[in-house]
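The values are calculated or read from the model by the stated rules, or taken from the named source; none is laboratory data. Remember, it's a predicted structure, so these values are computed and weren't measured experimentally. No Cβ is skipped: glycine too gets one built from the backbone with ideal geometry, and neighbour counts run over all protein chains shown. Remember, those area values only see protein heavy atoms, side chains included, never the ligands or the DNA or RNA. Shrake-Rupley method; radii C 1.70, N 1.55, O 1.52, S 1.80 Å.
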Amino acid sequence: MPKSVLDDVVVAGWNDLDALTAAFDRHPGEIAAVMMEPVMVNGGAVVPDDGYLAGVRDLCRVKGALFICDEVITGFRVALRGAQARLGVTADLAIYAKAVAAGFPLAMVAGRRDVMDTLLDKGVMHGGTYNGNVQSMAAAIAALDELERDDGAVYRVLEQRGSRLMQGLASLAAKHRVPMRVQGLPAIFQTFFTTGPAPRNYRDALACDRDRALAFHCALQEEGIRINQMAKWFLSTAHDDAIIDETLAAADRAMATLK
Ligand SMILES: Cc1ncc(COP(=O)(O)O)c(C=O)c1O
């Protein structure tokens, strides 16, 4: 990204309402919107502290800024209605992609009617070549039918399997005396190597032992299990109980090589 992007952006530490308040104070009347992942996945699978998202929403209201949730990763993954439903906070605008069309290319924006209506009659331009692409829309409808079936039964299974995987990995870390934390939500979590407290933001995540995380990643890959290079674990509905068992057995062997 060119540095000039920063001319229009103020960066404030995530999960830190004081930092956001200070940013508003430093730029009075200049901040149009605050954008963040509601559960930070890029940069560490961190669930926000209690009250943080509601605090951001309220601060945005007071300051006249829009609160935008980037649910590109969390949307349709941590719950049918995304992280916002799971955490009980609704943003003014939200963006989605990835899971919404089960792998077909689709991104979308949703939001408060009065904000969305600016696309119709307040001169906000929205162009694009593949808007409403037929295959992607059909894929999204088919995916949402699956995700909605039996009142979101698929999420209950995902939660169960993800929790079992998370707990299994934490037990293996204890067994091998490896300082590994398993943090996040069952559908997306991260394995951090640290003896310190649970990471609450990107800086904390960066301070963890990345060499060891990479060594674990490589050892797992030798065992035929490929996790994300940042040691993030994404669960799919295709990961059945047998695959969870197989993964835990592989993690057991991989962890033994870390000592
Ligand atoms: C949370 C999040 N937001 C936005 C994006 C970027 O989406 P795009 O590739 O459409 O710019 C990504 C890409 O992976 C992402 O993980």
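With respect to LEU106, is the statement that it is within 16 Å of the ligand (Cβ to nearest atom), buried (at least 20 other Cβ atoms within 10 Å of the Cβ) and more than 30 Å from ASP209 (Cα to Cα) true? When the stated conditions are applied, LEU106 passes them. Among the residues making up region 25-46, those that are assigned to a loop (DSSP other than H, G, I, E, B) and within 16 Å of the ligand (Cβ to nearest atom) are GLU37, PRO38, VAL39, VAL41, ASN42, GLY43, GLY44, ALA45. Given the criteria within 16 Å of the ligand (Cβ to nearest atom) and under 18 Å from the mean Cα position of the chain (by Cα), does ALA99 qualify? Considered against the rule, which asks whether it is within 16 Å of the ligand (Cβ to nearest atom) and under 18 Å from the mean Cα position of the chain (by Cα), ALA99 comes out as yes. When CYS69, CYS60 are checked against the criterion of being within 15 Å of the ligand (Cβ to nearest atom) and farther than 21 Å from ASP151 by Cβ, CYS69 stands alone in meeting it. When you look at VAL78, is it more than 13 Å from the ligand (Cβ to nearest atom), outside the structural domain of ARG210 (by TED's automatic domain parsing), closer than 19 Å to MET230 by Cβ and within 14 Å of the chain's Cα centre (by Cα), yes or no? No: the conditions fail for VAL78. Report yes if some residue within region 114-133 is within 16 Å of the ligand (Cβ to nearest atom), within 27 Å of MET255 (Cα to Cα) and not acidic (Asp, Glu); otherwise report no. The answer is no; no qualifying residue exists. Of the listed requirements (1) open to solvent by 70 Å² or more (accessible area, probe 1.4 Å); (2) assigned by TED's automatic domain parsing to the domain that holds ILE73, MET116 misses just one: (1). Mind checking whether some residue in region 154-174 is surrounded by 16 or more Cβ atoms within 10 Å (Cβ to Cβ), part of a loop (DSSP other than H, G, I, E, B) and not assigned by TED's automatic domain parsing to the domain that holds ALA99? Scanning region 154-174, I find no residue that is surrounded by 16 or more Cβ atoms within 10 Å (Cβ to Cβ), part of a loop (DSSP other than H, G, I, E, B) and not assigned by TED's automatic domain parsing to the domain that holds ALA99, so the answer is no.
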